[in-house]
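Here's the structure we're looking at; comments come further down.
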Amino acid sequence: MIESLHSPHVARVKALISSRGNKERAQHGQFIAEGLQCAREALTSSFGPKVEVLYLTESGRSRISEAALDLSSIDVVEVSEPVMSAMSSTISPQGVLSICSITDAKLGEIKLSKPSRLIYLHEIQDPGNAGTILRSADAMGVDAVMASPGSVDMYSPKVVRATAGSLWHVPLFTGVSLQDASEAFPTAKKIALSAAGSISLTDLDKDSDYIAIFGNEARGIDALLDSDVVQVCIPMKGSAESLNLSAAASIVMFTLS
């Protein structure tokens, strides 16, 4: 059992969750997933990031045992509660922390449904929005989520927590330009949610393939208005002028599904 706070294991995990962890994650193709839910999804799903190292406290091992998870092919490292606290980015860690590998998948390799439903995140910055959108995409059966260059790091601890395990159910691609997305899915019509949209979301042809674009929380989709993107709006009967990005995205995905 690791009891020293100066262990290389502690330093490795802290490097991946630090404020500069995005560079570390990109360089090594690894990220941190905390908690039983993420570990369960990573260990039982045939899709998505794989666990490379699983850190467990005594209480964490009990949680894993109660969930009947198979650890026979996983590198398990037992740590003390103080060590787990030092490695964790949460206030109350569950005693379960995984180092996972970032999936190296290609856009053209994903299996699309008919009609296909794809999500494109254009420079969104809020980790909670990013994770919640991925979670809703999982619930609505979206084929893939793509994030543009300049978007929040989709493998940061806050985003991973916000996905609530859905990171292991939906293909995720980062650093994808809208042109790359268009070339990979040439039959998909590009629509973007905008308050200035003249077409109601409810009037869209549900039999078409779509790439639904959601823009930066502050700037929206201004940078994309010169491309062949159709602006759509959510019809609202109430008095609210706008919706939170993740709430609006969920409505769009539900309607298209």
(Q) Tell me which strands (runs of 3 or more DSSP E) are completely within region 165-257 and hold 3 or more residues being more than 24 Å from the chain's Cα centre (by Cα), or say none if there are none. (A) 230-233
Q: May I ask you to list the residues in region 8-44 that are of a type in the set (D, E, K, R), touching a helix residue (DSSP H, G or I) at 6+ places or on another chain (Cβ under 8 Å) and touching a residue at least 24 places away in the same chain (Cβ under 8 Å)?
A: LYS14, ARG25, GLU34, GLU41
Q.
So the check is Cβ under 6 Å with 6+ separation or different chains; which pairs have a first residue in region 232-247 that's closer than 21 Å to ASN216 by Cα and a second one that's hydrophobic (A, V, I, L, M, F, W, C)?
A. VAL232/ILE191; VAL232/ILE199; VAL232/LEU201; ILE234/LEU201; ILE234/ILE251; SER246/ILE133
(Q) Here's a check for you: in region 99-114, which residue that is part of a loop (DSSP other than H, G, I, E, B) and more than 17 Å from TYR210 (Cα to Cα) is modelled with the highest pLDDT? (A) ILE102
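Just a yes or no: is a residue in region 189-198 farther than 30 Å from THR44 by Cβ, buried (at least 18 other Cβ atoms within 10 Å of the Cβ) and hydroxyl-bearing (Ser, Thr, Tyr)? Spell out how you get there, then give the answer.
Quick first cut of region 189-198, residues farther than 30 Å from THR44 by Cβ only: 189-198.
Narrowing the set further to residues that are buried (at least 18 other Cβ atoms within 10 Å of the Cβ) leaves 190-194.
Filter again for hydroxyl-bearing (Ser, Thr, Tyr), leaving 194.
Yes: one or more hits.
Just give me the residues in region 57-81 being in a loop (DSSP other than H, G, I, E, B) and touching a helix residue (DSSP H, G or I) at 6+ places or on another chain (Cβ under 8 Å), in sequence order. Give the steps one after another, and end with the answer.
Taking region 57-81 as the starting set, the residues that turn out to be in a loop (DSSP other than H, G, I, E, B) are 57, 67-74, 80.
If the condition is that a residue be in a loop (DSSP other than H, G, I, E, B) and touching a helix residue (DSSP H, G or I) at 6+ places or on another chain (Cβ under 8 Å), then THR57, ALA67, LEU69, ASP70, LEU71, ILE74 are the ones that fit.
So, in region 142-171, of the ones that are aliphatic (A, V, I, L, M) and within 20 Å of SER88 (Cα to Cα), which residue ends up modelled with the lowest pLDDT? Explain how you work it out, then say what you get.
So the first thing to find is which residues in region 142-171 are aliphatic (A, V, I, L, M), and the list is 142, 144-147, 152, 154, 159-160, 162, 164, 167, 170.
Now narrow it down to the ones that are within 20 Å of SER88 (Cα to Cα): 154, 159-160, 162, 164, 167.
Numbers: MET154: 95, VAL159: 95, VAL160: 95, ALA162: 94, ALA164: 91, LEU167: 94.
Checking each candidate, the answer is ALA164.
Is it true that LEU54 is surrounded by 17 or more Cβ atoms within 10 Å (Cβ to Cβ) and in a strand (DSSP E or B)? Explain how you work it out, then say what you get.
Working: surrounded by 17 or more Cβ atoms within 10 Å (Cβ to Cβ): yes; in a strand (DSSP E or B): yes.
It is true that LEU54 is surrounded by 17 or more Cβ atoms within 10 Å (Cβ to Cβ) and in a strand (DSSP E or B).
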**Q.** Residue pairs meeting the criteria (Cβ under 7 Å; at least 6 apart or on separate chains; first crowded, with 18+ Cβ neighbours inside 10 Å, in region 68-90; second among the aromatic types (Phe, Trp, Tyr))
**A.** VAL79/TYR55; MET84/TYR55; MET87/TYR55
Q | Hits in region 115-130 (condition: outside any strand (DSSP E or B), in contact (Cβ under 8 Å) with a residue 60 or more places away in the chain and not small (Gly, Ala, Ser)) | A | PRO115, HIS122, GLU123, ILE124, GLN125, ASP126, ASN129
Q: Sort out which residues of region 175-201 are modelled with pLDDT under 90 and not aliphatic (A, V, I, L, M), and write them in order of number.
A: SER194, GLY197, SER198
**Q.** Residue within region 225-232 that is under 30 Å from ARG20 (Cβ atoms) and surrounded by 19 or more Cβ atoms within 10 Å (Cβ to Cβ) present
**A.** no
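The values are calculated or read from the model by the stated rules, or taken from the named source; none is laboratory data. Computed from a predicted model, the values in this text were never measured in an experiment. Note that we place each Cβ from the backbone using ideal geometry, even for glycine, and neighbour counts take in every protein chain shown.
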